Each structure stands twice: as structure tokens, then as C-alpha cells.
1. Add +1 for every Lys or Arg and -1 for every Asp or Glu among the other residues with Cβ under 14 Å from the Cβ of Leu217, and state the total.
2. By the gyration tensor of its Cα atoms, with a ≥ b ≥ c the square roots of the eigenvalues, what is the shape of the stretch 130-232: rounded for a/c under 1.5, prolate for a/b over b/c, or oblate?
3. When Lys and Arg each count +1 and Asp and Glu each count -1, what net charge do the other residues less than 15 Å away from Pro58, Cβ to Cβ, add up to?
4. Quote to one decimal, in nm, the extra length available between Leu91 and Ile57 on full extension: 0.36 nm per residue of separation minus the C-alpha distance between them.
5. Roughly how big is the stretch 31-135's charge dipole about its Cα centre, with Cβ charges of +1 (Lys, Arg) and -1 (Asp, Glu), in debye to the nearest 20?
6. What does the highest-first list of 140-151, 75-86, 172-183 look like by mean Cβ count within 10 Å?
7. Put a dot 7 Å past each Cα toward the Cβ at Asn19 and Asp119; how far apart are the dots in nm?
8. Could you calculate the FRET efficiency of Leu223 with Ser149 from 1/(1 + (r/R0)^6), where r is the beta carbon distance between them and R0 is 25 Å, rounded to 0.05?
Amino acid sequence: MIEIAIIGGTGVYDPKILNNVSEESLITPYGDVTYKVGNYAGKKIAFIPRHGKHHSIPPHKINYRANIWAIKKIGVRKIIATTAVGSLNPLMKPGDFVLIDQFLDFTKNRISSFYEGGDRGVVHLDVTEAYCPDLRKTIHTAADTLGISIHKQGVYVCTEGPRFESPAEIKMFSILGGDLVGMTNVPEVVLAHEAEICYSTISMVTNYAAGISKNNLTHGEVLETMAANVDTIKNLIMKSIEL
Ligand code: HPA
């Protein structure tokens, strides 16, 4: 039984925290998924790099449904995802970690449900607590144990990408109550919730968002901040798995 899946976002591409790693693949109704399986702390863990092994899949092309379908099929009950985010909130600074608890969906061209009518029916999912409170608590406890400071809550604005946002968009998101901006958490969290998998994301602030940042944004800047903090994210994931 594979208990936990890690979905690695930008900058988190390898499951080096796992032992006895093997590569597996699964055919889903939405396409094939390749993932790794290994052990940590006596538990079997799966790992999927969201953007592919070499960051070759942009946010709007990720096969979210295939990934979540595969994770469900192999019996996973908990997903710990990571995501790089820009910040709209002066209290959430580059280098900070945030356990997001709400989203604002500004995606445009994504299929966001397993339920498309027909045989599978019409389902209107409640997303009051799309991010699993128990798992968020576990990760928060893990952060406290390790002395890592982490924001307990945050509103994630999901944009379509792959471009960054305009300063006017960021101003609008800020007025609407957004704290962070990224390109991948919707529909991932929604599909996990439909699949009744407990899902939580560790967001890592890599930059201030457009118009707040003094510089034009680059993907290089995102990667650089991520690389500087990736070991901390790995430690946090490992401790969360241990608890
Ligand atoms: N915008 C959208 N996605 C991001 C950003 C950003 O500023 N930083 C990291 N991912």
C-alpha cells in the first residue's frame, strides 16, 4: 500500500529522500503517468514531478487528471504537494513557506473535474476545505519541530500562465484578498478533493509579484530562490511523513 504521494513543483524534481526507488508507470483514461516509488520512515511513498523530470511541461499543459487518477489508483490517501509562488502580501516574503488554505481560480482553459456528465454524472463539489486540515496541521507541527517558520494560512490565486501576471492583475488579485500567486494549484487541489484524497501544499515564496517586485520577473529568479530553499522543503516533507 502506498500511503503518501509527493507532487514536486518547480525546483523539486527528485525523490532523493526515498530509499529503494523504482520507476513505475500506469495507464489512466487521461494518459500514461510515470512516477517513482520508494520508502521513507517505514512508509511507501510515491513521487511525481509535476512539470516532468526536466521541467518540460508548462503549467497549462500538465495532465492534472492523469496524475491524480494514477495517485488514487495506487491507493494513496495523502498528497503533499510543493509549489513556487509569487507574493502579494508584504508579510509573506521571498524564502517564506505558506500552508495555503483557500484558492481563487483565475485559470481559463483547463478541465477541472473528473465529472463531465454522461456515465460519471454531474457533481457539484463542496470546496470549503479543499486543503486537508489534518495534513496542514501535521506539516505545521513538523515545521515547529524543525524550527522552520511557516504561515498557517494563505489565499492562493491560480492564473493560467505560462506568462507572469501584469501589475494591474496583481493589484486586482490583492484587492480580492489574494496573498500568493501561482499557476498550478487549480485544478490539482480540486481533483484531489474529488478523488477524496487528503491534499496539502507547501508553498514557497520565490519572489514578490509583478508590480510589487522592483524588478521584472524571471523564471531564473524563481529557480534560484527555490534552489536555496529546497533542502528545507525536503526536511519539512520528511518530518511530516515521520509524524
Ligand atoms: N506568478 C505566478 N507564478 C509564480 C510566480 C509569480 O510571480 N512566482 C512563482 N510562481
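The values are calculated or read from the model by the stated rules, or taken from the named source; none is laboratory data. Everything quoted here is computed from the prediction, not taken from an experiment. Backbone-built Cβ (ideal geometry, glycine too); neighbour counts: all protein chains shown. Just so you know, the surface numbers come from the protein's heavy atoms only, side chains and all, with ligands and any DNA or RNA stripped out. Shrake-Rupley method; radii C 1.70, N 1.55, O 1.52, S 1.80 Å.
1. Numbers: positive: Arg163, Lys214; negative: Glu165, Glu169, Glu221, Glu224.
Around Leu217, the charge tally is -2.
2. Numbers: a/c = 1.90, a/b = 1.31, b/c = 1.45.
It is oblate, given that a/c is not under 1.5 and a/b is not larger than b/c.
3. Working: positive: Arg50, Lys53, Lys61, Lys108, Arg110, Arg163; negative: Glu160, Glu188.
Its environment carries a net charge of +4.
4. On the way: separation 34, 0.36 × 34 = 12.24 nm, distance 3.11 nm.
Full extension of this stretch gives 9.1 nm more.
5. Details: 15 positive and 9 negative charges, 115 e Å.
Magnitude of the dipole: close to 560 debye.
6. On the way: 140-151: 15.3, 75-86: 23.0, 172-183: 19.7.
Listed from highest to lowest mean packing, they are 75-86, 172-183, 140-151.
7. Reported label-point gap for Asp119 and Asn19 is 4.3 nm.
8. Working: r = 23 Å, r/R0 = 0.91.
It comes out at approximately 0.65.
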